[in-house]
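Novice: Okay, here's the structure, questions in a sec.
None of the figures in this text is laboratory data; all of them are computed from the coordinates on show. Being a predicted model, the structure only gives us computed values, none of them experimental. FYI the Cβ positions are ideal-geometry reconstructions off the backbone, even for glycines, and counts take in every protein chain you see.
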Amino acid sequence: MEISLNNRVAGFLGLLLIFVFCAYANTLSAPFNFDDAIVIETEVVEVGSMFFDFYPPRYRHLFYLSLVFNYAQGELDPFGYHLVNISLHFFTSVVVFFIAFITITRGMFWQKREAFSIAVITTLLFALNPVQSETVNYISARAVGMSSFFYLLALLFFILGSFRELSALSRYSLYLLSLTVFIASLLSKETALIFPATALLYDICFMRNEAWTSIRNRLLFFYLPFLACGVLSIFKVLSMKMMIISWWQKIDFNYALKQAMVVGHSIRLLLIPIGLTFDYDFPDAFFPHPVIRAWPILLALGIILLTARFFRNALAIVSFGILWFLLVLSPTNSVLPRTDLLSERNLYLPSFSIFLLFSTTVYHFVLENHNRAIVKKIGVGCLVSFLLFQAVLLFERNLLYKDNILLWEDTLNKAPNKLRALHNLSHFYLLEKNYEKAFIALQALSKSKASPHYIAYAHSNLGTLYLKNGEYLKAEDEFKMGIKAKPSLPSNYLNLGTIFAFQGRYQKAKEAYEQAESLYKNYKWGYRAPPELFLNKARLLLKVGLYQEAESSATKYLSQVPAAGPAHFVLGQIYAAMGKYKGALQEYNQTGDDPKLKAQAYNNKALIFINQNLFHRALEELNKAITNYPNLLDAHYNLGSLLIQTKGDPAMARKHLEIALNLTTDQESQRRINLALNTLP
């Protein structure tokens, strides 16, 4: 029997692996979403190396370390990030299976065959529920996925360590593993602090019989070490202490009454996952009068009391199912106000108990042997249909994650008053160069009652669109309105500096660039200063003759984009202006493979050689310039002028000057070229 059961378990876990990867295979190539790229660029690319030092532990240390690992393997290719998330979901589902199986056999004394069936149903509901899609597909939600995996694994080790038949050494080893894995959960996401309370809940609900070790053992070797570690963490880890103090100061019981309604809605989403959206909006009309807001919690407590009165054998599973959900959800959905009343990823770990309760109930009332055969057949059919229905919904939900525009259009369609969704949609329209739709979305956002942050960004992006169309006055007005909406947002200053530089208003451009750089440096945006800021500033400073500052700015750009040809070209211009010809020649040699830029570098090298009276080398460089880019006006003009100066072939000089004349539309350049032509015989 045991061998048969082991084979069934192995077979199911093999099928589970196939189910999970088939369900999520269509998102392996999905792009980064929302703030994924920003998180990676700011926390991994810039400072990721610090996460290799395990002391002192940092905020969500293991989560960021996992991103560092992904970046080292594939940089910004989303495939590896998604593969890790999907793998985490599979392993978490495996842990769910074993906890459910042990709970039914040891905690409720059901047969192993029955426990296997309940564990299978629970695991499939957990693994294939569309609500879990956000946790798996949203890379930044890995913090939830990792923390949940370690959280449930810590619970599993605690459960295994509490078996009565274990030796003392095995028990202590498993309890130590539980503590270690709990710390890993905490270093993935801080909401894992609630774990000891949920372990105690499991203890009270299921460890009340002779299958478990004594309460004394659990107190001495599990709860006391956890308590000691908790106290040590609070008093020795400053960030932990400050976080708890901050949480305590934010407690809002009126917010908790609203959350009672949201929690009820969450349970409905888990059981009937229709109407899912990435960004939920709960209008005031969603919440009833404060007196009756708490009905979902009162209903839950009523169910527990009724169970205790009429169905004593079911009290444990019903109490655990409801109280686990409320306890695990409490750090994000209780008395601590958050910007988002509900996020699907925060239902990932709490959902386990709801699915376990649902599976146990369905099995008892429909599938258990005491039921009539016809009832069991209908029940199996309904259950299979329900699971297939969830799988279809999951597949469709995952399709949205393959395209950010589809995802945010879906979000805005379901939450039309959620202005953050409008902001994100406009951002992805811009990335996809769908400027017409982006303009409409940005116009709506700029005139809305959104936060100053979103309004300022809307004006910034509108100004960028006007710039693309050459409408500089309109662009300038948008950037200035963005600054007025939120003066501390740097992007509008950066864009305004670009306009001023183009218009020749160099002093104003310099002031705007410096203001943008200062804001990027002194404020934590989650956005690093774009490298273009330093390159544009270097070009500007070169024009106004501030060569040392220009050199510093170009060097900053190269520290972020090391092999950038344009930056080496600008640095070459700066060194040439400073008279550092050797350095200039070295920089011009590193301008890359772009034909036009390379030709401009050859042309500028020729000017250095002319200045040094090395005319033969200058001729070589100018011929290289024309070979690389035949339509480079300056190269033709300089070559013609050099041939005149060195008394070279006049016919060849005339040819290059005439080509230059045909390439220019500037009257001053035409006049200068004609003067040169008139000197020829």
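Novice: Dipole of the stretch 2-399 (Lys/Arg Cβ +1, Asp/Glu Cβ -1, origin at the Cα centre): which of THR103, ILE272, VAL84 lies farthest to the positive side?
Specialist: Positive-most Cα among the choices belongs to THR103.
Novice: How long are the semi-axes of the equivalent ellipsoid of the stretch 593-681, defined as square roots of 5 times the Cα gyration tensor eigenvalues? Whole Å, largest first.
Specialist: In descending order, the three semi-axes are 19, 16, 10 Å.
Novice: Rank these for me by crowding, THR360, THR92, THR665, going from fewest to most other beta carbons within 10 Å.
Specialist: By the 10 Å Cβ count, ascending: THR665, THR360, THR92.
Novice: May I ask which residue of PHE325, LEU406, ASN33 lies farthest towards the positive end of the charge dipole of the chain, with charges of +1 (Lys, Arg) and -1 (Asp, Glu) on Cβ and the Cα centre as origin?
Specialist: Most positive-ward Cα: PHE325.
Novice: Oh, and also: Give LYS480/LYS556; LYS510/LYS543; LYS433/LYS484 a once-over and call out the pairs whose C-alpha atoms are over 22 Å from each other.
Specialist: Correct reply: LYS480/LYS556; LYS433/LYS484.
Novice: How would you order 641-651, 559-569 from highest to lowest mean count of nearby Cβ atoms within 10 Å?
Specialist: 559-569, 641-651
Novice: Kindly express, to the nearest 10 degrees and within the range 0 to 90, the angle between helix 2-24's C-alpha long axis and the longest C-alpha principal axis of the chain.
Specialist: With rounding to tens, the tilt is 30 degrees.
Novice: Got a sec? Charge dipole of the chain, +1 on Cβ for Lys and Arg, -1 for Asp and Glu; which of GLN586, SER385, SER448 is way out at the positive end?
Specialist: Highest projection toward the positive end goes to SER385.
Novice: What FRET efficiency comes out for the pair LEU271/LYS484, r = Cβ-Cβ distance, R0 = 60 Å, nearest 0.05?
Specialist: After rounding to 0.05, the efficiency reads 0.80.
Novice: OK, next. Magnitude of the Cβ-charge dipole of the chain, K/R +1 and D/E -1, about the Cα centre, nearest 20 debye?
Specialist: So the magnitude is around 1140 debye.
Novice: In the structure displayed, which of LYS414/LYS521; LYS189/LYS414; LYS250/LYS418 lie more than 31 Å apart, Cα to Cα?
Specialist: The pairs that break the limit, which is 31 Å between Cα atoms, are LYS414/LYS521.
Novice: Another question, if that's okay. If the reach is capped at under 16 angstrom between alpha carbons, list the lysines near LYS624, excluding any in the same chain fewer than eight residues apart.
Specialist: The qualifying lysines are LYS596, LYS598, LYS605.
Novice: List the aspartates and glutamates whose Cα sits under 18 Å from the Cα of LYS580, skipping any in the same chain fewer than 8 residues away.
Specialist: Once the sequence-local aspartates and glutamates are set aside, what remains near LYS580 is GLU549, GLU551.
Novice: May I ask for the equivalent-ellipsoid semi-axes of the stretch 2-399, computed as the square root of five times each C-alpha gyration tensor eigenvalue and listed largest first in whole Å?
Specialist: Over the Cα atoms of the stretch 2-399, the semi-axes work out to 31, 26, 24 Å.
Novice: Shifting gears a bit: Would you mind calculating the gained length between LEU83 and ILE251 on full extension (0.36 nm times residue separation, minus the Cα-Cα distance), in nm to one decimal?
Specialist: 56.7 nm
Novice: Between helix 452-468 and the chain, what is the angle of the helix's C-alpha long axis to the longest principal axis, kept within 0 to 90° and rounded to the nearest 10?
Specialist: For 452-468 against the chain, the angle is about 40 degrees.
Novice: Give the calculated FRET efficiency between GLU432 and GLU75 to the nearest 0.05, with a Förster radius of 30 Å applied to their Cβ-Cβ distance.
Specialist: So, using R0 = 30 Å, E works out to roughly 0.90.
Novice: Give the Rg/Rh ratio for the chain, taking Rg as the radius of gyration of the Cα atoms and Rh as the Kirkwood radius, to two decimals.
Specialist: 1.11
Novice: At most 15 other Cβ atoms within 10 Å and a DSSP loop assignment: could you name the trypsin sites (Lys or Arg not before Pro) in the stretch 470-561 that fit?
Specialist: Filter output for the stretch 470-561: ARG505, LYS524, ARG528.
Novice: Okay, moving on. Longest exposed-loop-site-free stretch of the chain, with GluC sites (Glu not before Pro), DSSP loop and at most 11 other Cβ within 10 Å?
Specialist: Within the chain, the longest run free of exposed GluC sites (Glu not before Pro) spans 211-681.
Novice: Which cross-chain or sequence-distant (5 or more) residues have an amide H under 5 Å from the amide H of ASN33, H modelled 1.01 Å from N in plane?
Specialist: ILE139
Novice: Which ordering of LEU219, LEU174 is given by a fewest-first count of other beta-carbon atoms within 10 Å?
Specialist: Result, fewest neighbours first: LEU219, LEU174.
Novice: Using a Förster radius of 45 Å, what is the FRET efficiency between ILE215 and GLU368 based on their Cβ-Cβ separation? Nearest 0.05, please.
Specialist: Calculated transfer efficiency: 0.90.
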